[in-house]
Amino acid sequence: MSDPARPHRGTMVDERAEVLANEAYPGHQHVLRLKAPEIARRARPGSFVHLRCAPALAMRRPMSIMRANPTQGTVDILFKAHGQGTAELAARQPGESLQVLGPIGVPFRQETYRRRPLLIGGGVGLPPMVYLAEHLRRQSGLSPLVVLGSEIPFPFSLRPSTVMVPGIPAGVIATMPLLEDWGIACRLASRKGYPGCFEGLVTELAAEWLTALGPAVADEVEIFACGPTPMLKAVQALAARFDVPAQLSLEEYMACAVGGCAGCAVRVNTPAGPAMKRVCVDGPVFEAATVVFE
């Protein structure tokens with residue numbers, strides 16, 4: 001039975017998903033495409049899934065959704081193989097199947113956007129930004145900018161962008177081909193010296209763009225972000241500095257991913273005072289100003 005106070009909990013299904021493709025990229029990264037029609041139909045940007053990486057592994061792994069196609073019934077997952085579970089997942093072949101629970105969690109807001117959404121993704125926080133960008137491209141009157149950062153090779157080939165972005169430093173022209181093909185402005189940041197990338201942190205690139213915009217248009221900007229905790233703390237400070245609203249998709253280790261163990265709890269300020277909220281079901285998306293980073 002669904003909880004009226006948390007209607008998103010009623011979206012979850014435990015679905016047997018067929019592996020359609022498993023593409024490998026540098027840095028032990030993979031993009032897994034799954035045939036999961038019910039999850040694809042119910043998913044929203046910011047949702048994640050909890051999947052069993054192999055039959056012998058009882059503990060599931062939480063994974064952000066990078067794309068969901070309800071028409072084709074497919075879900076794309078980007079992940080990095082760095083432990084037993086993800087190594088098993090990296091070995092899955094087309095035709096095999098996985099048990100997948102999802103979609104889980106509170107997604108990003110789905111409407112009433114400001115005119116200039118700024119999407120910031122770092123590392124494993126890239127997938128939700130791609131998913132949100134795909135949603136935003138269908139909204140009229142918006143001019144989103146996506147800035148992505150990575151300290152390992154990006155899981156795609158870099159391409160010089162033809163989409164002009166006033167306020168971005170000269171020479172910062174590398175983009176994600178998928179977003180470029182959608183006509184969405186995107187720029188990349190890294191401290192690894194990749195050609196065409198901003199040499200620095202993704203939040204530093206975002207700050208340069210916000211500074212160039214000036215205070216007159218600050219009320220047109222809102223930030224959406226996902227990435228490691230240090231990056232999210234920097235985004236929180238960035239939003240406060242420029243006085244713009246922001247939503248953060250938090251990353252925490254999870255065991256059950258359905259709210260039972262409370263192992264992913266974080267401190268959040270609420271109208272009733274500080275409270276511990278579970279990232280899996282009360283999040284992962286929270287208003288940036290409410291999150292208390294330890």
Top-ranked residue of region 93-143 - restricted to ones that are charged (D, E, K, R) and surrounded by fewer than 19 Cβ atoms within 10 Å (Cβ to Cβ), ranked as farthest from the chain's Cα centre (by Cα): Glu96
Residue match in region 27-48 (condition: of a type in the set (S, T, N, Q) and at pLDDT 95 or above): yes
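Given the options Val291, Val266, name the one that is of a type in the set (Val, Ile, Thr) and touching an Asp or Glu at 6+ places or on another chain (Cβ under 8 Å). Please lay out each step first, then the result.
Details: Val291 fails: touching an Asp or Glu at 6+ places or on another chain (Cβ under 8 Å).
Residue meeting the stated conditions: Val266.
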Enumeration of residues in region 127-137 that are within 15 Å of Ala185 (Cα to Cα) and in contact with a strand residue (DSSP E or B) (Cβ under 8 Å, 6 or more places away or on another chain): Met129, Val130, Tyr131, Leu132, Ala133, Glu134, Leu136
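Looking only at region 20-44, which residues are of a type outside the set (A, V, I, L, M) and over 16 Å from the mean Cα position of the chain (by Cα)? Break it down stepwise before answering.
Taking region 20-44 first, the residues of a type outside the set (A, V, I, L, M) are 22-23, 25-30, 33, 35, 37-38, 41-42, 44.
Across region 20-44, the qualifying residues are Asn22, Glu23, Tyr25, Pro26, Gly27, His28, Arg33, Lys35, Pro37, Glu38, Arg41, Arg42.
For Ala218, indicate whether it is within 26 Å of Ile173 (Cβ to Cβ), assigned by TED's automatic domain parsing to the domain that holds Ile120 and without any contact (Cβ under 8 Å) to a residue 60 or more places away in the chain.
Details: within 26 Å of Ile173 (Cβ to Cβ): yes; assigned by TED's automatic domain parsing to the domain that holds Ile120: yes; without any contact (Cβ under 8 Å) to a residue 60 or more places away in the chain: yes.
Against the criterion (within 26 Å of Ile173 (Cβ to Cβ), assigned by TED's automatic domain parsing to the domain that holds Ile120 and without any contact (Cβ under 8 Å) to a residue 60 or more places away in the chain), Ala218 qualifies.
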Positions within region 217-240 being modelled with pLDDT under 95 and among the aliphatic types (A, V, I, L, M), in sequence order: Val217, Ala218
Test: residue in region 241-257 that is of a type in the set (Ser, Thr, Tyr), at pLDDT below 95 and under 16 Å from the mean Cα position of the chain (by Cα): yes
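Looking at Phe198, Phe224, Phe286, Phe293 in this structure, which one is of a type in the set (A, V, I, L, M, F, W, C), assigned by TED's automatic domain parsing to the domain that holds Pro166 and under 22 Å from Arg109 (Cβ atoms)? Break it down stepwise before answering.
On the way: Phe198 fails: under 22 Å from Arg109 (Cβ atoms); Phe286 fails: assigned by TED's automatic domain parsing to the domain that holds Pro166; Phe293 fails: assigned by TED's automatic domain parsing to the domain that holds Pro166.
Just one listed residue meets the conditions, Phe224.
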Tally of residues being farther than 14 Å from Pro103 by Cβ and of a type in the set (Lys, Arg) across region 61-80: 2
The one condition in (1) of a type in the set (A, V, I, L, M, F, W, C); (2) part of a loop (DSSP other than H, G, I, E, B); (3) surrounded by 22 or more Cβ atoms within 10 Å (Cβ to Cβ) that Cys256 fails to fulfil: (3)
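Please work out if Glu134 is at negative phi, at pLDDT 95 or above and among the charged types (D, E, K, R). Quick ask: steps written out before the conclusion?
Numbers: at negative phi: yes; at pLDDT 95 or above: yes; among the charged types (D, E, K, R): yes.
Yes, satisfied.
The values are calculated or read from the model by the stated rules, or taken from the named source; none is laboratory data. The model shown is predicted, which means the values in this text are computed figures rather than measured ones. Here the Cβ is made from the backbone with ideal geometry for all residues, glycine too, and neighbour counts use every protein chain on show.
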